[in-house]
Amino acid sequence: MNKILGILIILIFHLPIIIFGKDSYIIINDNLDVDFLYNHLLKITNNLFNLSVSDTLYLVGENLKLSYIHSPLNFIKLFFLIFDSFDAYLINSIFVRIIGFIFMYFLINDHFNLNNKTSSLLVSISFSLAPIYTIYGLSLMGLPMILWSIINIYNRKHILTSYMLIALFPFYSLIQFSSPFIIFYLVLFLLYDCYNKKKINYDLVYPILIIFGAAIIANFNIISTLFLDNAEKSHRFLIGYEQYPSLKGILYKFFRVITFGDERSLFISIPIIVYIIVYIKRIKRLTAIILTFIIINTFILAVYPILYNELKIYELIPFNFSRFTYMNIFLFYLAFLTLINQKKFTYIVLFLSIFLNLIRNQEFIYNILPNSKAEIAHHIFNEDKIIMSVFPDQLINNKVEDFHQKGFYSYNEFYSEDLFDNIESFIGKPKSNYLISTIGINPSVTQFNGFRTINAYLVNYPQSLSNKLNRINNNNSVIRSNDLYIYSSEILSSCNNYCYKNNSPEILKNLDLNFHEMQESNIEYIFSSSKIILNDTNVLTELSCFENKKSPYKVFVYKLNKS
């Protein structure tokens with residue numbers, strides 16, 4: 001009965017999105033999750049399950065090889081294969097949270113012996129509603145399943161089921177948020193067990209080998225891009241941090257992340273921290289170890305720019321090991337479970353945690369509030385802004401997280417399919433026959449609508465594409481990040497590359513681009529959020545301007561003239 005109730009609550013949690021459909025607000029709109037976009041593009045180009053590392057996705061860059069973005073063996077793709085992209089996102093989210101709930105419930109009842117079904121239910125519900133990106137699959141919600149399986153194997157129970165779940169995990173998660181960190185913790189536990197027992201416990205060795213092997217198989221083509229040579233090598237070897245955090249900045253970020261989560265997990269841990277403080281005299285050795293890991297994870301994130309730039313271990317440069325903090329949510333719940341009792345204060349903390357998870361979950365809070373109250377919800381996600389309004393900027397010395405910098409619009413508004421259908425009809429030829437670039441308009445939106453777009457937001461791409469965008473930009477902007485944008489100082493100062501009707505400059509007068517390089521790249525059209533005025537009037541021909549009441553965009557379409 002408890003499991004049915006938990007699943008029902010998860011369905012109710014998603015009910016606003018189900019009711020409003022594509023007119024609802026979902027996380028991919030705000031944070032433009034690239035994994036959603038990749039799966040959508042692969043679906044519409046019939047490349048969803050292509051295993052070839054040499055095949056290309058013609059909608060991104062200059063026919064970007066699938067090996068840079070594509071894990072063809074990820075279970076998430078099944079939803080996109082069967083359903084419309086929006087429905088696939090929603091169904092995957094429900095599925096992931098149900099798995100998180102069920103295995104947290106199993107973990108508590110099988111291995112923590114609370115002897116209280118109400119507490120087990122509330123902890124499991126609270127965990128399953130944590131504010132995370134569910135498009136990452138089981139990267140976080142699958143951690144109770146992994147721990148449940150490991151303990152089973154260690155105790156020689158449910159052996160076959162546990163090994164199967166461990167083997168399947170890398171095929172329904174993202175390697176950059178899960179498997180390496182799980183392996184790290186398992187290796188530590190193996191070493192600890194060997195030290196205590198003075199022998200190797202192969203019941204712990206086999207799960208490590210299985211996760212490692214399965215992760216390699218599931219991500220073999222993406223991993224291969226790290227071993228290419230010269231221009232085809234992954235751009236991730238070029239990524240760097242421009243600014244070191246100050247000591248005060250490190251302390252601030254440590255405090256903010258440990259209490260309010262990071263940009264990928266917005267879990268407010270304050271109720272659990274208060275609970276731990278109240279029952280500090282009951283802290284066991286296991287609790288202390290878990291809390292130590294949370295502190296170490298968060299400290300690594302706070303000082304990562306320094307570690308990253310100073311260690312200069314070039315083989316490790318592509319990997320962002322600051323993402324250990326993604327494990328913090330689960331670790332907080334584990335610490336709580338080691339202390340939990342059956343007093344009223346426990347239930348107060350659990351209900352408060354569930355409440356905070358709901359209001360910090362963008363997909364829930366924004367869909368139940370009327371538009372006139374949206375500004376109230378904005379403040380829930382702006383702890384940076386609130387603290388910086390009290391203290392001077394120098395205290396922080398960290399990049400401010402703005403969860404709405406990419407706009408605040410419904411799924412239909414953000415992708416504006418009707419508007420871009422009108423542009424396609426106006427141009428009058430198949431979109432596969434021409435290449436465009438965007439200025440001030442998010443390239444992911446045009447790619448979502450099927451336009452071949454040379455600029456992009458990509459988490460992995462060849463250095464040759466970075467070099468080409470640098471040449472187009474006349475090296476005004478050295479691209480060493482995931483952002484491959486056409487550079488405009490006026491756009492950057494006005495709307496930071498994400499422009500809409502309400503924030504885009506009316507006219508671009510100082511556009512300094514290498515149009516010859518754009519012609520050499522076979523770019524035929526430019527979609528701009530602003531009217532472009534050039535000294536050389538022969539370079540561009542303005543064709544038309546497109547907008548409608550349902551879209552937040554105003555799109556000026558230019559044809560790039562051949563020299």
* Point-to-point label distance, Tyr58-Ile239, nm (Cα→Cβ direction, 7 Å offset) -> 3.0
* Structure fact -> Averaged per residue, the 1.4 Å probe accessible area of the chain, protein heavy atoms only, in Å², is roughly 44
* Once Rh is set to the Kirkwood radius over Cα pairs, what Stokes-Einstein translational diffusion coefficient, in µm²/s, holds for the stretch 68-155 at a temperature of 20 °C and a viscosity of 1.002 mPa s? -> 152
* Cα convex hull of the stretch 1-159: how many Å³ per residue? -> 134
* Structure fact -> Spelling it out for Leu64: with amide H atoms placed in the peptide plane at 1.01 Å from N, the residues 5 or more places away or on another chain with amide H under 5 Å from its amide H are Leu57
* To do: Figure the gain on full extension for His111 and Asn371 (residue separation times 0.36 nm, minus the Cα-Cα span) and round it to one decimal in nm.
  => 89.1 nm
* Step through the residues of the stretch 330-343 one at a time and calculate ³J(HN,Hα) from phi using the Karplus curve (6.51 cos²θ - 1.76 cosθ + 1.60, θ = phi - 60°), rounding each to whole Hz and writing x for Gly and Pro. => 5, 5, 4, 5, 5, 4, 4, 5, 6, 10, 4, 10, 9, 7
* Structure fact -> Counting only DSSP beta bridges with both partners in the stretch 426-549, the antiparallel fraction in percent, to the nearest 5, comes to 20
* Structure fact -> Total charge of the residues flanking Thr338 in space, meaning their Cβ is under 12 Å from its Cβ, with Lys and Arg +1 and Asp and Glu -1, is +3
* Kindly work out what percent of the DSSP beta bridges joining two residues of the chain are antiparallel, to the nearest 5. => 65
* Computed P(r) (all Cα pairs; the chain; 20 Å bins; percent) -> 19, 54, 24, 3
* **P(r) of the stretch 119-269 over all Cα-Cα pairs, binned every 10 Å from zero, in whole percent** => 9, 27, 32, 25, 6, 0
* Asked: HN-Hα J couplings of the stretch 33-41 from phi, Karplus 6.51/-1.76/1.60, θ = phi - 60°, integer Hz, Gly and Pro as x?
  -> 4, 5, 5, 5, 4, 4, 5, 5, 5
* Helix axis angle, 344-359 relative to the chain longest principal axis, alpha carbon, degrees -> 10
* Helix 179-197 vs. the chain, principal-axis angle (Cα, 0 to 90°, nearest 10) -> 20
* Asked: So what is the relative contact order for the chain, in percent, with contacts set as C-alpha pairs under 8 Å and at least six apart?
  -> 17
* What is the local net charge at Leu352, summed over the other residues whose Cβ is closer than 15 Å to its Cβ (Lys, Arg +1; Asp, Glu -1)? -> +3
* **Distant-in-sequence amide H partners of Ser234 (H built 1.01 Å from N, under 5 Å)** => Leu228
* Asked: For Leu160 and Lys562, what is the calculated FRET efficiency with R₀ set at 60 Å and r taken between the beta-carbons, to the nearest 0.05?
  -> 0.40
* Structure fact -> PRE zone check, label point 7 Å out along Cα-to-Cβ of Glu424, amide N under 14 Å, scope the stretch 54-80, hits 59
* **For Asn497, residues with placed amide H under 5 Å, excluding near neighbours** => Leu492
* Roughly what would the spin-label model give for Asn482 and Glu310, points 7 Å off Cα along C-beta, in nm? -> 2.7
* Asked: Leaving out ligands, DNA and RNA, what percent of the accessible area of the chain is carbon and sulfur, probe 1.4 Å?
  -> 61
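Regarding the stretch 244-373, what is the average projected area of its C-alpha convex hull, in nm²?
Answer in nm², one decimal: 10.8.
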* Using 1/(1 + (r/R0)^6) with R0 = 51 angstrom and r between the beta carbons of Ile183 and Lys501, what's the FRET efficiency to the nearest 0.05? -> 0.60
* How much FRET efficiency would the formula 1/(1 + (r/R0)^6) give for His516 and Glu263, where r is the Cβ-Cβ distance and R0 is 35 Å, rounded to 0.05? -> 0.35
* Asked: Distance in nm between label sites at Leu228 and Leu8, each 7 Å beyond Cα in the beta-carbon direction?
  -> 5.2
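Against the 2.2 N^0.38 Å scaling, with N counting residues, where does the stretch 212-273 land? I'd like the Cα-based Rg ratio to two decimal places. Please list the in-between numbers first.
Details: Rg = 18.2 Å, N = 62, 2.2 N^0.38 = 10.6 Å.
The reported ratio for this selection is 1.72.
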* To do: Return the sequence-ordered ³J(HN,Hα) values of the stretch 454-464 in whole Hz as given by the Karplus equation 6.51 cos²θ - 1.76 cosθ + 1.60 applied to θ = phi - 60°, using x for Gly and Pro.
  => 6, 8, 6, 10, 9, 8, 7, 7, x, 4, 4
* Linear extension gain, Tyr347 paired with Phe220, 0.36 nm per residue minus alpha-carbon span -> 41.2 nm
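Can you tell me the relative contact order of the stretch 462-523? Whole percent, Cα pairs under 8 Å, sequence separation 6 or more. Mind showing how you got there, number by number?
On the way: 50 pairs, mean separation 21.4, N = 62.
Relative contact order, the stretch 462-523: 35 percent.
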* Structure fact -> At 20 °C and 1.002 mPa s, the Stokes-Einstein diffusion coefficient in µm²/s for the stretch 131-207, with hydrodynamic radius from the Kirkwood sum on alpha carbon pairs, is 164
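The values are calculated or read from the model by the stated rules, or taken from the named source; none is laboratory data. Only a predicted model underlies this, so the values are computations on that prediction, with no experimental measurement involved. Methodologically, a virtual Cβ is constructed for each residue, glycine included, from the backbone with ideal geometry; neighbour enumeration extends over all protein chains shown. Only protein heavy atoms, including side chains, enter the accessible area calculation; ligands, DNA and RNA are left aside. Shrake-Rupley method; radii C 1.70, N 1.55, O 1.52, S 1.80 Å.
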